[in-house]
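The values are calculated or read from the model by the stated rules, or taken from the named source; none is laboratory data. Predicted model, so just to flag it, every value in this text is computed and none were measured. Counting neighbours? That spans all protein chains shown, and the Cβs are built from the backbone with ideal geometry, glycine included. With ligands, DNA and RNA removed, areas are computed over all heavy atoms of the protein, side chains included. Shrake-Rupley method; radii C 1.70, N 1.55, O 1.52, S 1.80 Å.
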Amino acid sequence: MIIVITDACFLIDLIDIDLFEEFLGLGYQVHITSSVFAELENDEYVKPVSKCIGRNRMFLYHLTAADQTALEKLMGKHSSRLSEPDCSCLYLAKEMKATILTCEKLLTNVAKNLNLDVHGSLWILDRLLEASMITRRIAYSKLKDLMSINPRLPVRECQKRLKRWG
């Protein structure tokens, strides 16, 4: 079983392009930290995430006092660059030997520097296609939707996929 830690932007993108349920259907053990969950609390995104947590389709990790101490140490190294929720993803991924799912370039780069496995929305689209959970036509359409709402995606990688799936 692949264990993944998601940040808020990753979940927001999947919900916005209506692939959240399909993502959960991949069978990964999906975790979100309480810090990341707090980022969603005043948005419409909290409802689908809360529903999945309540049904044990996602797991909410509450940071303990010991976790918080270790997290603060990690933030000391990256505080000027990363938010506390981002650092909580790094911390939990290290503790659980998990993969981070994010669409933030800075978090991706720091995770790679820490030798953590990290992927983004394009990787999930690839996995959904491999699992035959979506068609190439749907992947193409969803990627176009994603590109219209997320300007941080790697353009070259998006173009490769659009060409392949179009």
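So in the stretch 42-54, with the set limited to residues that are assigned to a loop (DSSP other than H, G, I, E, B) and surrounded by 12 or more Cβ atoms within 10 Å (Cβ to Cβ), which one is modelled with the highest pLDDT? By that ranking, first place goes to TYR45. Among residues of the stretch 1-19 that are part of a helix (DSSP H, G or I), those with a Cβ under 7 angstrom from a residue that is of a type in the set (D, E, K, R) and open to solvent by 10 Å² or more (accessible area, probe 1.4 Å), sequence gap 6+ or separate chain, pair up as ALA8/GLU39; CYS9/GLU104. Residues in the stretch 97-115 that are aliphatic (A, V, I, L, M), modelled with pLDDT of 95 or more and over 16 Å from ARG152 (Cβ atoms): ALA98 only.
Against the definition (in contact with a strand residue (DSSP E or B) (Cβ under 9 Å, 6 or more places away or on another chain) and either at negative phi or modelled with pLDDT of 90 or more (or both)), how does PHE20 come out, yes or no? Judged against the criteria, PHE20 is not a match. With a requirement of 1 or more residues that are in contact (Cβ under 8 Å) with a residue 40 or more places away in the chain and more than 20 Å from LEU14 (Cα to Cα), the helices (runs of 4 or more DSSP H) lying completely within the stretch 55-166 that satisfy it span 84-96. When the stretch 125-143 is filtered for residues that are open to solvent by 50 Å² or more (accessible area, probe 1.4 Å) and of a type in the set (A, V, I, L, M, F, W, C), the ones remaining, listed by number, are ALA131, MET133, ILE138.
Matching residues to (1) under 19 Å from SER121 (Cα atoms); (2) touching a Ser or Thr at 6+ places or on another chain (Cβ under 8 Å); (3) open to solvent by less than 10 Å² (accessible area, probe 1.4 Å):
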residue	(1), (2), (3)
CYS9	yes, yes, no
ILE12	yes, no, no
VAL30	yes, yes, yes
SER35	no, yes, no
LEU63	no, yes, no
ASP67	no, no, no
CYS103	yes, yes, no
